[in-house]
1. May I ask you to list the residues in region 524-557 that are surrounded by 24 or more Cβ atoms within 10 Å (Cβ to Cβ), in a loop (DSSP other than H, G, I, E, B) and either touching a Gly at 6+ places or on another chain (Cβ under 6 Å) or outside the structural domain of His292 (by TED's automatic domain parsing) (or both)?
2. State yes or no: is Lys366 farther than 30 Å from Val549 by Cβ and out of contact with any Leu (no Cβ under 7 Å at 6 or more places or on another chain)?
3. Being over 23 Å from the mean Cα position of the chain (by Cα), among the charged types (D, E, K, R) and part of a loop (DSSP other than H, G, I, E, B) is the filter here; which residues of region 176-204 pass it?
4. Can you tell me which residue is nearest to Pro462 (Cα to Cα) among those in region 387-413 that are out of contact with any His (no Cβ under 9 Å at 6 or more places or on another chain) and assigned to a loop (DSSP other than H, G, I, E, B)?
5. Name the one entry in Tyr168, Tyr174 that is over 15 Å from Leu118 (Cα atoms) and among the aromatic types (Phe, Trp, Tyr).
6. Can you pull out the residues in region 36-93 that are more than 32 Å from the chain's Cα centre (by Cα) and among the polar types (S, T, N, Q)?
7. Tell me, which residue of region 48-91 that is part of a loop (DSSP other than H, G, I, E, B) and small (Gly, Ala, Ser) is surrounded by the fewest Cβ atoms within 10 Å (Cβ to Cβ)?
8. Just give me the residues in region 97-132 being under 28 Å from Gly255 (Cβ atoms), buried (at least 23 other Cβ atoms within 10 Å of the Cβ) and of a type in the set (A, V, I, L, M, F, W, C), in sequence order.
Amino acid sequence: MSGYNGFEIFLDPKTGILEFQWANGAKISNIYSAVQLGGILLRTLDADEHEVQFSSLPEAHQKYGKGVEWVIQHRSFGKPLLTQIITAYENTSFCFMRLEVKGGTPEEILSTNYMAPLITISSAELHDSVLKLNTGDQSEIQVLLIPFDNDKWVRYQSVTMPNELESYELTSIYDPQSRNGFVLGSVKHDVWKTGVKIQGTDRGKIGEIEIYGGAAGEYTRDTIPHGNITGNKLTAPMLFIGYYDDYRLGLSEYGNANAELIPAMPWHDGVPFGWNSWSAAGDKLDYAQYVHTSEFIKTQLQDNYFHNNGNVYINFDAFSDNLSKDEFFQAVNTVRKNGQKPGIYWTPFTFWGKDHDRLVEGTDGKYRYRDILLRDRNGNILPELDGGLAIDPTHPANLLRADYHLDHFIDWGFEYIKLDFLGHGALEGKHADSQIETGIQAYNWGMSYIREKLDPIRIGRPFFISLSIAPLFPHQYAHSRRISCDAFGTLEDTEYMLNGLTYGWWINNSLYRYNDPDHTVLYKSYNQRATSWHEGRSRLNASIIAGTVLLLGDDFRIEEAQKRAIHWATNAELLALAQKGDSFILLESKFGGQAANIFFLNDDLNGYLYLAIFNFSLSESAIIPISLQRLAVQNEQSYRIYDLWDKTDYPGKGDLVVELKASESKIVRLQFS
């Protein structure tokens with residue numbers, strides 16, 4: 001058909017089937033689009049006519065440069081019009097793809113909960129792979145499974161083909177050795193939950209790809225089908241389709257493309273340092289512990305590098321209502337007296353009680369919780385999720401409830417809020433606002449209201465917003481999001497959190513300013529055994545390389561917790577690394593559902609290469625080789641190795657070999673000659 005900047009599109013004029021091809025030979029073949037309208041699946045390949053218009057975009061994109069657009073219309077007599085729109089730019093390795101369906105007349109109203117911009121015809125019919133990497137025989141292909149959210153200790157996975165999986169919002173299909181790969185995903189998250197289904201039919205072969213709006217099920221936490229959208233013209237999720245010599249660059253570009261379309265929340269006050277109460281106290285939080293923590297951090301840590309630009313947050317998690325009203329305000333005043341900032345916790349879309357007739361706070365007795373609970377399309381209250389019931393974000397009473405709580409948090413002087421169990425707000429259901437048809441529309445509605453209430457211009461001060469259990473998208477409502485489900489202090493917790501960093505490092509400073517590694521427990525969480533010395537240091541190392549939000553999580557009335565904090569959380573060089581706000585990147589990816597054990601960060605400004613190496617065995621030592629070639633460093637180069645913990649400095653040349661004791665980890669800095 002035609003090409004631009006090494007990217008070509010081929011259209012079969014008889015079937016309307018597309019092929020995308022890149023200059024290096026990589027391609028995706030046998031592409032069509034589809035929409036479910038009632039009982040009919042309308043497919044582009046079934047249309048009577050296929051018409052193409054190719055044009056240059058009238059204005060260059062500020063970042064991507066000049067662009068071109070293919071508009072492909074698929075017409076059939078008496079049926080809605082299907083239109084594929086593909087846009088490519090001179091300075092990118094990706095294109096955008098859209099799908100629209102329009103009624104045959106201006107009065108025709110369409111309704112659907114399934115729109116798939118990109119499906120491929122099964123290769124079982126064609127005896128070939130629908131996807132080709134620039135890697136010769138494609139002896140091995142891996143596919144990323146990205147979770148919809150971070151609930152229920154879900155994990156990222158890198159799945160070796162042949163296999164089948166469903167990822168959410170995006171995936172990468174790549175060769176782990178060459179790192180050549182595709183990144184495919186949605187880039188607007190205003191209406192749809194996007195599913196990405198991949199099926200590998202043979203070693204090195206992808207048989208089917210299906211990227212569609214309308215995902216709903218166990219892993220989106222839904223118990224009913226995705227909501228239908230209605231109108232004369234309907235639009236599917238907008239797709240990002242890119243091919244890269246290094247799929248990691250593709251993931252980074254994907255994150256940046258999302259932020260280019262919908263900017264992330266800006267934050268200019270640096271990485272948050274401080275403490276959060278949950279892992280230290282759980283539901284037993286009291287005044288004495290909160291105040292003791294503030295005093296301990298003030299006297300032992302705060303003046304010894306544990307801060308960022310002088311800022312330290314002392315945060316209530318759940319159960320701050322254990323404190324009396326007087327205790328609560330005294331505790332907040334103590335934090336301020338100590339030169340710290342208080343933080344608070346709230347669940348905006350979740351009801352935890354059993355009494356549905358309880359009055360909704362902030363509504364002057366006009367509404368009860370049964371009025372605002374989210375229901376299915378038959379009027380039944382949705383089942384509990386994580387022990388709580390979902391609240392309809394669009395209900396007028398929930399907006400009054402939000403006013404009540406958020407206005408109090410502002411008036412009481414809080415400067416940090418942890419918002420939790422946000423997936424409840426994205427569930428499919430029947431919403432009070434009839435214009436809201438899907439769970440993601442409702443989530444956007446509710447979260448935008450919170451963002452506006454906490455706008456620094458409105459309230460006169462910065463207010464850090466951190467998401468705990470939450471969908472990955474949409475992203476524009478917070479400064480940080482937890483990269484995993486709850487992660488405490490054991491080595492198992494460290495490995496679990498690093499699984500999120502392994503495949504989610506790119507989220508940092510693109511979708512959200514910071515990845516949040518959850519509470520950094522140095523010695524013991526309230527609900528777990530005490531950790532060994534190396535275990536505790538590994539948990540701290542993991543948090544430092546995550547991005548990060550560095551909130552300690554111990555009860556510092558315990559002597560060993562104090563000792564470790566005084567020794568570890570005052571290490572100026574390690575804390576300076578955390579203050580950078582940069583996520584380390586995985587070196588290798590063949591770990592299935594486990595975490596990588598080697599991460600790196602290039603500090604081009606100072607000419608350093610940082611390495612973080614972990615041993616995830618509680619009982620056995622490990623010898624871990626590290627290839628300079630895989631780090632894109634010439635093998636014959638000599639360098640100095642500096643250990644940020646031991647403060648040792650020694651020469652090196654060629655590949656590294658790192659010896660670690662059980663549970664041990666190291667962060668080292670390489671400076672090349």
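1. Passing the criteria: Ser525, Thr531.
2. Here the answer is yes, as Lys366 does meet what is asked.
3. Here is the first cut: in region 176-204, the ones over 23 Å from the mean Cα position of the chain (by Cα) are 177-178, 199-204.
Next, only the ones that are among the charged types (D, E, K, R) stay: 202-203.
The answer is Arg203, and nothing else.
4. Top of the filtered list is Gly413.
5. Details: Tyr168 fails: over 15 Å from Leu118 (Cα atoms).
Result: Tyr174 is the single residue among Tyr168, Tyr174 that is over 15 Å from Leu118 (Cα atoms) and among the aromatic types (Phe, Trp, Tyr).
6. Thr44, Gln53, Ser55, Ser56, Gln73, Ser76
7. Gly78
8. Met97, Leu99, Met115, Ala116, Leu118, Val130, Leu131
The values are calculated or read from the model by the stated rules, or taken from the named source; none is laboratory data. Nothing here was measured: the structure is a model prediction, and the numbers come from that model. Counting neighbours? That spans all protein chains shown, and the Cβs are built from the backbone with ideal geometry, glycine included.
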